[in-house]
Amino acid sequence: MSEFIFRGEAERPAWSGSFWPMPTSAERPAHRSLYDDDGPLDKYDQHCVALGLPSPRSREFERWRYWSDTRTEQATGYKAFFWGHCNGWAAAAVLEAEPTRPQALKGLLFTVGDQKGLLTVCHNGDPVDLIRKLGPNDAHLFHSMVLQSIGKDARGLVFDTKLDAVDPKTCQPVREVWNYPAYRYECTYAEVAADTYDVVMRLWLADDSVAPDFVGTQNWPAPGQPKTYTYRIAGDKVNPRSGAWTGVSQNDHPDLMW
């Protein structure tokens, strides 16, 4: 029986980095933003000018995009709040080699955090091969995709781990997105009936609650530990025909995968 049915690992582990939140005035200077003075995008604009090119004004655009003020309202027609780039960081963390040391270019010093920030911006609008919502009876899709992407293809897979809560007043979903890249798994099977198995999936994900210059992989939700999901599948172990979350995973499982 193939090893990937039980365990697998991406070619390289996803690295941890900041998701570059929009810090409030109360949080400064504890948090850094992409649009800080002498921050990643400021240095990028300076670098373009040093090359003899016009400034792309990327820092100005990013600040406009983040800041929930009248400019955003006028541009979109509604009050918008954009808090971070977890999708860009997650994509960069599985697709790019981790920057591990500062780099000097044209008299500018790009720290590890600067480089990770620029990679995050570069991957923020990446197209995806697959994006799939994971409902209460979609555990089999989660299972088969983990085995295929991480186990067989040895590449990372990104999960929005936050299920949308329902506002008790409006009864509408409160949309939150918390993307984390998965790069390793181990799973066990307990047969409960013919072609029916209870599965325990231990999934290693990289965390983004680190300082921008952090090097390495800190795991989410606990350092050094995997996230555990449980579910029941029916059919083939590699491509089951059905599946449902069990135990605490019924209310704590990924909202979507991509």
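Kindly indicate which of A194, A206 is small (G, A, S) and in contact with a Pro (Cβ under 8 Å, 6 or more places away or on another chain).
On the way: A194 fails: in contact with a Pro (Cβ under 8 Å, 6 or more places away or on another chain).
One residue alone meets the criteria, A206.
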Next item on the list: Output yes when any residue across the range 174-187 is surrounded by fewer than 16 Cβ atoms within 10 Å (Cβ to Cβ) and at pLDDT 95 or above, and no when none is.
Entry: yes
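Please enumerate the residues belonging to the range 233-258 that are closer than 30 Å to C86 by Cα and touching a Ser or Thr at 6+ places or on another chain (Cβ under 6 Å).
The first filter runs over the range 233-258 and keeps only residues closer than 30 Å to C86 by Cα, leaving 238-239, 243-258.
N239, T246, G247, S249, P254 - these are the residues of the range 233-258 that are closer than 30 Å to C86 by Cα and touching a Ser or Thr at 6+ places or on another chain (Cβ under 6 Å).
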Check: Between a first residue in the range 174-198 that is within 30 Å of S18 (Cβ to Cβ) and a second residue that is outside any strand (DSSP E or B) and among the hydroxyl-bearing types (S, T, Y), which pairs have beta carbons less than 6 Å apart while being 6 or more apart in sequence or on different chains?
Finding: W178/T161; Y180/T161
Check: Which residue pairs have Cβ atoms closer than 8 Å, lie 6 or more positions apart in sequence or on different chains, and pair a first residue in the range 103-120 that is closer than 20 Å to V210 by Cβ and modelled with pLDDT of 95 or more with a second residue that is in a helix (DSSP H, G or I) and of a type in the set (A, V, I, L, M)?
Finding: F110/L118; K116/A92; G117/L41; L118/L41; L119/A92; T120/A92
Notebook entry, point to check: Of all residues in the range 114-129 being in contact with a Leu (Cβ under 9 Å, 6 or more places away or on another chain) and either open to solvent by 70 Å² or more (accessible area, probe 1.4 Å) or in a loop (DSSP other than H, G, I, E, B) (or both), which is farthest from Q46 (Cα to Cα)?
Noted result: D126
Check: Any residue in the range 223-245 that is in contact with a Lys or Arg (Cβ under 9 Å, 6 or more places away or on another chain), under 21 Å from S18 (Cα atoms) and surrounded by 15 or more Cβ atoms within 10 Å (Cβ to Cβ)?
Finding: yes
Next item on the list: Filter the range 1-36 down to residues that are of a type in the set (A, V, I, L, M), under 30 Å from Y189 (Cα atoms) and modelled with pLDDT under 90, then give me how many there are.
Entry: 1
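Picking from G39, G84, G77, G52, which residue would you name as being at pLDDT below 95 and over 22 Å from S16 (Cβ atoms)?
Values: G39 fails: over 22 Å from S16 (Cβ atoms); G84 fails: over 22 Å from S16 (Cβ atoms); G52 fails: at pLDDT below 95.
Checking each option against the conditions leaves just G77.
Looking at the range 188-222, which of the residues that are aromatic (F, W, Y) and more than 21 Å from the chain's Cα centre (by Cα) is surrounded by the most Cβ atoms within 10 Å (Cβ to Cβ)?
Let us first name the residues in the range 188-222 that are aromatic (F, W, Y), namely 189, 197, 204, 214, 220.
When the remaining residues are screened for being more than 21 Å from the chain's Cα centre (by Cα), the result is 189, 197.
Numbers: Y189: 13, Y197: 20.
Restricting to residues being aromatic (F, W, Y) and more than 21 Å from the chain's Cα centre (by Cα), the top hit is Y197.
The values are calculated or read from the model by the stated rules, or taken from the named source; none is laboratory data. Note that the coordinates shown come from a computational prediction; the quantities given were computed from them, not determined experimentally. Using ideal geometry, Cβ is built from the backbone for each residue, glycine included, and neighbour counts are taken over all protein chains shown. Ligands, DNA and RNA are stripped out before the accessible areas are found, and what is left, the full protein with its side chains, is counted by its heavy atoms. Shrake-Rupley method; radii C 1.70, N 1.55, O 1.52, S 1.80 Å.
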